C-alpha cells in the first residue's frame, strides 16, 4: 500500500470543493458533504466497472445493484487513498473550522 500522486490530488480537490462549498453556502459541513459525496460516487462507479470487468465477464447484464459493495471488488487504493482519505480530511476541516 503506497500513496500515489492521484491520491494527493483527490484530497486537494476535495478540500478545494469544500472551500468553494463554504464560500457559496457559508457552511463547512455542506461543502464537506458535497466533496465527500462526489468521491463516494466516483469510487462506487469505478468499483462497479471493476466488478463488471473482473467478475461479470465484461457483461453489464451480470451486474446487480449490490455487487459494488462486495469486498472483492474494492482495492485498498480505491477504498482508502481515493475515497476515505479525502473524506477524513474534509471531516477534519469541518471539525476544526465548523
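Listed values, structure above:
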| read-out | value |
| --- | --- |
| First in region 15-42 and touching a residue at least 60 places away in the same chain (Cβ under 8 Å), second anywhere and surrounded by fewer than 15 Cβ atoms within 10 Å (Cβ to Cβ) and assigned to a helix (DSSP H, G or I), Cβ under 6 Å, 6 or more apart | 28/97 |
| Count of region 14-48 residues which are assigned to a helix (DSSP H, G or I) and out of contact with any helix residue (DSSP H, G or I) (no Cβ under 9 Å at 6 or more places or on another chain) | 2 |
| Total residues in region 49-74, condition surrounded by 12 or more Cβ atoms within 10 Å (Cβ to Cβ), assigned to a loop (DSSP other than H, G, I, E, B) and free of Cβ contacts under 8 Å to residues at least 12 places away in the same chain | 1 |
| All positions within region 1-13 that are in a loop (DSSP other than H, G, I, E, B) and free of Cβ contacts under 8 Å to residues at least 24 places away in the same chain | 2 |
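No value in this document is a laboratory result; all are computed from the given coordinates. Given the structure is predicted, the values throughout are model-derived calculations rather than measurements. Virtual Cβ from ideal backbone geometry, glycine too; neighbours counted across all protein chains shown.
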